[in-house]
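One structure is given here, and the rest of the page talks about it.
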Amino acid sequence: MDISFGPELESFRAEVAAFLDCAPTPDIREAGRKTTSVFAPFESVMAWQKILHAKGWVAPGWPAQYGGTGWSVEQRYIFAEEYFKRDLPPLLPNGLQMVGPLLIDLGSEEQKAKYLPGILSGEDYWTQGYSEPNAGSDLAALSCAAVADGDDYIINGQKIWTTLAHKANRMFMLVRTSTEGKKQQGITFLLLDRTDYPGMEIRPIIGLDGIPEQCEVFFDNVRVPQTARVGAENDGWSVAKALLRHERGGSAGSPAMYRKLELIRVTAQGTPSPFGGMVADDPVFQRDIGELEADIASHAAFEKLVISGHPLSHDPAMPSMNKVMSSELAQRVSVLMTRVAGTEALPLQLEALNIGSNVAALGQELELVAMPYYLNSRATTIYAGTNEVQRDLIARTLPAA
Amino acid sequence: MDFSFTPEQDMLRDSLGKLLAQTYSFDQRQALLKSGAARSEPVWQALGEMGLLALPFAESDGGLGGQPSDLVACGLVMGRHLVAEPWLASVLLGGKALALGGARAQPLLADVIAGNAQVALAHEERHGIGPVTAMGTTLTLNGDAVQLDGEKKLVLGGAEANALIVSARAGDKLALVRVDPSAPGVAVTGYSMIDGRRAATVRFEHVIIPAAQVMRDDAEAALDAVIENALLTLSAEAVGAMGALLEMTGSYAATRKQFGVPIGSFQAMAHRLADMKIAWAKAQALLLYTTALIEAGQASPRDVALLKAQMGRLGRAVGESAVQVHGGIGMTDELAVGHYLKRLLAIEAMLGSTDYHLRRVGAR
Ligand SMILES: Cc1cc2nc3c(=O)[nH]c(=O)nc-3n(C[C@H](O)[C@H](O)[C@H](O)COP(=O)(O)OP(=O)(O)OC[C@H]3O[C@@H](n4cnc5c(N)ncnc54)[C@H](O)[C@@H]3O)c2cc1C
């Protein structure tokens, strides 16, 4: 066992801090402070990705040969800590944490050469086209079909909940290529070079917070080349499963949670309590935020073990455990935020949340973001596989199941 | 003991339900809110014709002398339909506070009852509600007049009000003053709430008010009674909203299929639905029991605090579960589910949060 916090790490921290202090534009900082879901405001965060890419710091989790940073686990944590301390917008996950790592694992050399540079630079944004109206938890029931035609596939059907499809220029998707045998066996994984192919239509869906983030995507005889396929035809399910491990596991989410906890504390110091004094001095608040911090600390330790390659990282339940823990912690953080914001969380302030709108918030910044963050956090136990389904998966790794 | 509504109350519920089914369907409500209007004129007028704007006022004030149980009967229906009309704002809070002025409340109170004017109660502050000693808004003598300073939050219907009834600390007492929103030094910032209601932040800076506009200089108990009535009605709204969510979610779970079967057949879903039903039953029971206590003049402040706290906790639990059972579709603005959750969250936060009321109960 070994944790090294040597002096060279402190100089690494100083280097990171120096860069993060001056590289982000005011617009990027504003977007970070006004991030109210896992998806930061699109234009600003993509601009930030380009800056980080130029510095070579865009993909700490990737192998160095593909553009990763080659940092140690300690360094990755220090980077994340310094990053979130400054409320910078988290980079969007679909390219860097999902399709990118997948292509590194399973893509052809051509696909890697063609797609990885755009994923790293932020030139491309990939939307995830899996779910359909009748294929949510039962994803393998998907029916959006691709039929081979010469060198192409012709796609017909519908996707839904396709996050940021209206902003993306590329899409990775699952299609049905066979209806024979088990339903998992007739699925194929495709990479779409465009989201504006003839016959494709994208309709945004407005969320609980009043902002469109998810979309419906319709396919009417959309023709794409068969070279778009990852893996073999009808073997898309195992490709998707490999990707899911990246989507659900191996993250460094706890530094962002610690930061939110800190913002809650600071806001509570300036928020009067009906019992006199400030909310931060209220023993009930202190006990509750203490309990939450303890659970975040457990999660942080779990994440570190996983990233360091401890046997826990090979536990078949690891991705699902990580998903359940992180999603439910995010929800609890968001609830505490709304508790501290109190009635100040109730005004609807869509304009003030817009980056660059110059519309002042009615109250403090935390009070502006608390409610949309809470509302969006309700989705964390639904997307990437609902927590009910995750608990089933975890249970299956135990002898009783 | 009998916790059922009277035949008259059943008729009132029935006709209010019919009116709202015709004029306040979810789609009609959403269109209304989108239009930016602070209320629906036809619905407001119809509520007036049904007597709802007069309901809680004494007959001597031109009202119908309604009982707490009448308000609960209406609140249940209002909650089910997610009504965003300023009934709570202008009748139960503003109007009832105005009526504390006795004869001086007229002729404005008559206009409120007729639906021609709105009044708002400006009471909550940044810390919510609490003892007089915690109140930041002050009323001080200034020559022959008085001076009002401070900031009020979440003033329901504040930007639409013809008059504001403002609570303020005068020495160690709670005073109520009537303030013209256009008076110098009054700044009203109106906004829409997440649940569709309208509210405002109101700042008072050196607002000079004729002494005659001080309605009462020791109004704490009287104002508590107004708030108790409003909390009871708000609690009825919460139970109405929970009931609607339970029905909606139950039928969704029965029809939505995944893995070839209705999702309600998965034990995790079935247990969640069972917990929602238990929560709704607890909420309804406590609501009706507390209503009966209040009507019998037997309710203590603790009973009301307890009711509010439970509505906050149970309402949030039911709302969050409803979203979870619906999955992705529960996260959309198109479905009523999220709007019920937002209504329940707003109820939880206003007029004293769950934390506030629970601590009052626990401290004895
Ligand atoms: C904000 C957000 C972003 C999303 N982004 C994307 C995206 O970018 N791309 C994409 O493809 N999809 C995306 N999704 C879709 C997401 O993956 C689905 O919502 C999810 O898989 C659940 O499917 P469903 O919504 O159809 O719910 P359903 O599957 O209908 O589930 C409804 C309820 O039934 C429960 N349930 C279902 N099966 C079982 C079971 N076997 N046992 C116990 N309970 C069960 C669920 O847990 C849930 O509570 C997103 C969803 C959200 C909310």
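Results, tabulated for the structure shown:
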{"read-out": "For the range B:274-364, alpha-carbon Rg over 2.2 N^0.38 Å", "value": "1.20"}
{"read-out": "Cut-off of 10 Å, at most 12 other beta carbons, DSSP loop: longest stretch of chain A lacking such trypsin sites (Lys or Arg not before Pro)", "value": "A:183-395"}
{"read-out": "The range B:50-101-the range B:317-364 distance, computed between alpha-carbon centres (Å)", "value": "23"}
{"read-out": "Cα gyration tensor shape of the range A:248-370, rounded if a/c is under 1.5, else prolate or oblate by comparing a/b with b/c", "value": "oblate"}
{"read-out": "Cut-off 14 Å between beta-carbons: net charge of the residues surrounding residue A:2, Lys and Arg +1, Asp and Glu -1", "value": "0"}
{"read-out": "Assigned charges on the beta-carbon of Lys, Arg, Asp, Glu; chain A dipole about Cα centre (debye)", "value": "320"}
{"read-out": "Value of relative contact order over chain A, rounded to a whole percent, pairs C-alpha under 8 Å and six or more apart", "value": "14"}
{"read-out": "C-alpha long axis of helix A:318-341 to longest principal axis of chain A, angle in °", "value": "40"}
{"read-out": "Helix-derived mean residue ellipticity, 222 nm - over the protein assembly as shown, DSSP H n ≥ 4, -39500 (n - 2.57), to 500", "value": "-15000 deg cm²/dmol"}
{"read-out": "Selection from A:172, B:321, A:311 lying farthest towards where the dipole of the protein assembly as shown points positive, charges on Cβ", "value": "A:311"}
{"read-out": "Cα convex hull of the range B:204-358 - mean projected area over all directions, nm²", "value": "12.4"}
{"read-out": "Most mobile listed residue (B:95, B:240, B:264) in chain B, GNM with C-alpha springs under 10 Å", "value": "B:264"}
{"read-out": "With Cα atoms, 0 to 90° folded angle of helix B:7-23 axis to chain B main axis", "value": "80"}
{"read-out": "20 Å binning of all Cα-Cα separations within chain B, expressed as whole percents from 0 upward", "value": "30, 57, 12, 1"}
{"read-out": "Surface per residue (accessible, 1.4 Å probe) for the range A:252-397, Å²", "value": "40"}
{"read-out": "Charge-dipole axis of the range A:344-401 as Lys and Arg at +1 and Asp and Glu at -1 on Cβ define it, positive-most pick from A:377, A:399, A:357", "value": "A:399"}
{"read-out": "Shielded residues, the range B:310-327 - accessible-area loss of 30 Å² or more between chain alone and all protein chains, probe 1.4 Å", "value": "B:316, B:320, B:324"}
{"read-out": "A:166, B:271, ranked by accessible area, largest first (probe 1.4 Å)", "value": "B:271, A:166"}
{"read-out": "Relative contact order computed over the range A:108-191 (Cα-Cα under 8 Å; 6+ residues apart), in percent", "value": "30"}
{"read-out": "Relative contact order (percent, whole number), chain B, Cα cutoff 8 Å, 6+ residue spacing", "value": "16"}
{"read-out": "Accessible area of the range A:126-236 belonging to carbon and sulfur atoms, whole % at 1.4 Å probe", "value": "45"}
{"read-out": "Two-decimal Rg to Rh for the range A:1-120 - Kirkwood Rh, Cα set", "value": "0.99"}
{"read-out": "Total accessible area lost when B and A pair, probe 1.4 Å, Å² to nearest 100", "value": "3600"}
{"read-out": "Residues along the range B:110-129 losing 40 Å² or more of accessible surface when the other protein chains are present rather than the chain by itself (probe 1.4 Å)", "value": "B:126, B:127"}
{"read-out": "Space enclosed by the convex hull of the alpha-carbon atoms of the range B:119-217, per residue, Å³", "value": "83"}
{"read-out": "Of the chymotrypsin sites (Phe, Trp or Tyr not before Pro) in the range B:270-364, those whose Cβ has at most 13 other Cβ within 10 Å and which sit in DSSP loop", "value": "none"}
{"read-out": "Of B:211, B:99, B:168, the one that fluctuates the most in a GNM where chain B has Cα springs shorter than 10 Å", "value": "B:211"}
{"read-out": "B:81, B:123, B:206, reordered so the largest accessible area comes first (probe 1.4 Å)", "value": "B:206, B:81, B:123"}
{"read-out": "Prolate/oblate/rounded label for the range B:1-65 (Cα gyration tensor, a/c 1.5)", "value": "oblate"}
{"read-out": "Percentage, to the nearest whole number, of Cα pairs in the protein assembly as shown over 49 Å apart", "value": "23"}
{"read-out": "Candidates A:109, A:123, A:201: whichever shows maximal mean-square fluctuation once chain A is modelled as a Gaussian network with Cα springs under 10 Å", "value": "A:109"}
{"read-out": "Kirkwood-type radius of chain A, with distances r between different C-alpha atoms, in Å", "value": "22.5"}
{"read-out": "1.4 Å probe accessible area per residue over chain B, in Å²", "value": "39"}
{"read-out": "Residue (of A:327, A:91, B:331) at the positive-pole extreme of the protein assembly as shown, dipole from beta-carbon charges", "value": "A:327"}
{"read-out": "Stokes-Einstein translational diffusion, the range A:126-236 - Kirkwood Rh over all Cα pairs, 1.002 mPa s, 20 °C, in µm²/s", "value": "154"}
{"read-out": "Centre separation in Å (Cα based) which lies between the range B:254-303 and the range A:330-401", "value": "24"}
{"read-out": "Anisotropy class of the range B:85-129 from Cα gyration tensor, a/c 1.5 cut", "value": "oblate"}
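The values are calculated or read from the model by the stated rules, or taken from the named source; none is laboratory data. Small disclaimer: the values here were computed from a predicted structure and weren't measured. Glycine also receives a Cβ, built like all others from the backbone with ideal geometry; neighbour counts cover every protein chain displayed. Protein only, heavy atoms only, side chains kept; ligands, DNA and RNA dropped before computing areas. Shrake-Rupley method; radii C 1.70, N 1.55, O 1.52, S 1.80 Å.
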